[in-house]
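The structure appears right after this line, and notes come after that.
A short reminder: the numbers here are calculations on the coordinates, not readings from a lab. It should be emphasised that the depicted structure is a prediction, and the values quoted were computed from it without experimental measurement. FYI the Cβ positions are ideal-geometry reconstructions off the backbone, even for glycines, and counts take in every protein chain you see.
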Amino acid sequence: MSSQYVPVALKRLVIGRANGICEYCCSQAKYAIDSLVMEHIKPVSQGGQTLSENLALSCQTCNNCKYTKTEAPDPATSLIVPLFHPRRMAWAEHFAWNSDATRMIGLTPTGRATIAQLQTNRDSVVNMRRVLTVMNEHPPDL
């Protein structure tokens, strides 16, 4: 299926698999600044299909920043590297939290490139993480 339409049953699967959390910046649906949407990891425009293994739960801003990109420059080396792929990569291998869990840290070129391209440490998300940390609601269990 190469359409951008995502059937309801498939949406439920993606949302459940992600526990209602953006698979990039870890915004939780119940507290998110943006609504969470179905994201084609490999864009439909590049031949990506509307299948479970090509869908991620993404906040609208991460989705907009990623757009049709699957690669981006690593800010540390300027080399073009793959962006984080939630179905093929483990979040904890590429990202960690800073000491107060308000900012994501890139552990790998892919992690750094993804943070920069998707702007996962944008002010609104960092501020929300700060509030949620005080409430013991962040970081989420991944």
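Every residue, every condition in (1) outside any helix (DSSP H, G or I); (2) surrounded by 14 or more Cβ atoms within 10 Å (Cβ to Cβ), yes or no:
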{"site": "88", "(1), (2)": "yes, no"}
{"site": "102", "(1), (2)": "yes, yes"}
{"site": "112", "(1), (2)": "no, yes"}
{"site": "116", "(1), (2)": "no, yes"}
{"site": "124", "(1), (2)": "no, no"}
{"site": "136", "(1), (2)": "yes, no"}
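How many residues does region 65-76 hold that are assigned to a loop (DSSP other than H, G, I, E, B), within 14 Å of residue 111 (Cβ to Cβ) and either in contact with a strand residue (DSSP E or B) (Cβ under 6 Å, 6 or more places away or on another chain) or of a type in the set (S, T, N, Q) (or both)?
1
For residues in region 34-64 being assigned to a loop (DSSP other than H, G, I, E, B) and hydrophobic (A, V, I, L, M, F, W, C), which is nearest to residue 85 (Cα to Cα)? Spell out the reasoning first.
So the first thing to find is which residues in region 34-64 are assigned to a loop (DSSP other than H, G, I, E, B), and the list is 34-35, 41-43, 47-51.
Narrowing the set further to residues that are hydrophobic (A, V, I, L, M, F, W, C) leaves 41, 51.
Details: 41: 7, 51: 14 Å.
Filtering region 34-64 for residues that are assigned to a loop (DSSP other than H, G, I, E, B) and hydrophobic (A, V, I, L, M, F, W, C), the one nearest to residue 85 (Cα to Cα) comes out as 41.
Out of the residues in region 20-70 that are basic (Lys, Arg) and within 28 Å of residue 130 (Cα to Cα), which is surrounded by the most Cβ atoms within 10 Å (Cβ to Cβ)? Even if it seems obvious, please write down each step before you answer.
First, the residues of region 20-70 that are basic (Lys, Arg): 30, 42, 66, 69.
Adding the requirement that they be within 28 Å of residue 130 (Cα to Cα) leaves 30, 66.
Numbers: 30: 9, 66: 23.
In this case the residue turns out to be 66.
With the structure loaded, tell me whether residue 28 is in contact with a helix residue (DSSP H, G or I) (Cβ under 6 Å, 6 or more places away or on another chain), touching a residue at least 40 places away in the same chain (Cβ under 8 Å) and of a type in the set (S, T, N, Q) or whether it fails that test.
When the stated conditions are applied, residue 28 does not pass them.
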